[in-house]
Amino acid sequence: MPRAKSPAYNNGMPQDCSLSRIIFWNVNNKDLTDAVCSLANLTTADVIVLNENKVPSDRTLRELQKNVSADFYRPHAMSEKRFHCFCRRCELDISEVHSGERTSTRKWRIGTHRALLSLVHGVDIRNYDGETRQSFAQSLASEVRFVQEQHGTRKLVLLGDFNMNPYDRGMNLAAGLNAMMTRSCVTPGFRRHLNERYDFYYNPMWSLFGDNTDGPAGTVHDTSNQGPYGWNMLDQVVIHHSIVPLFHDVTILTEAGVQSLMDAKGRPDAENASDHFPILVSFCGENHE
């Protein structure tokens, strides 16, 4: 049964690094508040984003304040329809500046860098075909460019349940998310398609795919007609090339304290937890621009 190795969350961090840790978890409309608190304690996460959370956000907040840290608060948001967001460091900001039908874009400070964090919940695999999901990705890319221009920065990270795999066309199409497999692929900064310029993004989730990794082979396991690959990497972080140097690592989490989030086969325990594993993303912003 595959197990994620115990993460050394401070390993390799420069002493002058301002570390920011974010957990994203699609909790599948279940009350997993205890597990959320355990994850927050285990990882010392600064930001927790819950997708498909049926528990009222004020209740989740009370439990986080009681069991993890009294510093947790709910950043300003125009809507909590899809995302419940909690933060324990006010200097990170995380206040919402743009709300879409399936997105929420937040201010975000990484060290002294002013950036944007766009939370994403893509159209689901069971009810939407590949062409529709590709169309969503292209609309998302257009929305992201609009927000970047509106706020005068390209420093943006997309995080969430994309309901696509890293290799799906919408993820790497130039006019889609233009998200590449390796850091070296994004070093040119952009590519042109039909005489239009499209910025590159880096998708580190590629490196966690398959059984030759320390943890599970993906974040979701599905062998239905909508999930013919078995393992899928639907939960992802995608990073604009300009802030790739600030990215430290991403981990698929399989334990919440003493509770395993895996079933006996090493897959997400959909009965006792969620059908998605949570992911932990870490960024390290230096203390000077």
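The values are calculated or read from the model by the stated rules, or taken from the named source; none is laboratory data. Everything numeric here is computed off the predicted structure, so don't read it as measured data. Quick reminder, even Gly has a Cβ in these numbers, built from the backbone with ideal geometry, and neighbours come from all protein chains shown.
State whether the residues of the range 179-191 include one that is in contact with a helix residue (DSSP H, G or I) (Cβ under 8 Å, 6 or more places away or on another chain), buried (at least 21 other Cβ atoms within 10 Å of the Cβ) and either within 23 Å of PHE86 (Cα to Cα) or in contact (Cβ under 8 Å) with a residue 60 or more places away in the chain (or both).
no
Does SER18 satisfy being loosely packed, with under 14 Cβ neighbours inside 10 Å and either within 17 Å of MET262 (Cα to Cα) or at pLDDT below 95 (or both)?
Answer is no for this residue.
Look through the range 94-122, keep the residues that are under 17 Å from the mean Cα position of the chain (by Cα) and among the charged types (D, E, K, R), and return whichever of them is farthest from SER242 (Cα to Cα).
ARG102
Just to check your reading of the model, which residue among THR223, THR213, THR251 is surrounded by fewer than 16 Cβ atoms within 10 Å (Cβ to Cβ), touching a helix residue (DSSP H, G or I) at 6+ places or on another chain (Cβ under 9 Å) and under 28 Å from ILE125 (Cα atoms)?
The match here is THR213.
Touching a residue at least 40 places away in the same chain (Cβ under 8 Å) and either within 26 Å of PHE24 (Cα to Cα) or touching a strand residue (DSSP E or B) at 6+ places or on another chain (Cβ under 9 Å) (or both), is that true of LEU158?
Considered against the rule, which asks whether it is touching a residue at least 40 places away in the same chain (Cβ under 8 Å) and either within 26 Å of PHE24 (Cα to Cα) or touching a strand residue (DSSP E or B) at 6+ places or on another chain (Cβ under 9 Å) (or both), LEU158 comes out as yes.
Would you mind listing the strands (runs of 3 or more DSSP E) fully within the range 53-162 where at least 3 residues are of a type in the set (Ser, Thr, Tyr)?
It comes to 103-110.
Between THR105, THR43, which is in contact with a His (Cβ under 7 Å, 6 or more places away or on another chain), among the β-branched types (Val, Ile, Thr), surrounded by 20 or more Cβ atoms within 10 Å (Cβ to Cβ) and within 30 Å of PRO166 (Cα to Cα)?
The unique qualifying residue is THR105.
Could you look through the range 192-210, keep only residues that are in a strand (DSSP E or B) and within 18 Å of the chain's Cα centre (by Cα), and pick out the one that is surrounded by the fewest Cβ atoms within 10 Å (Cβ to Cβ)?
Checked the range 192-210; the qualifying residue surrounded by the fewest Cβ atoms within 10 Å (Cβ to Cβ) is TYR202.
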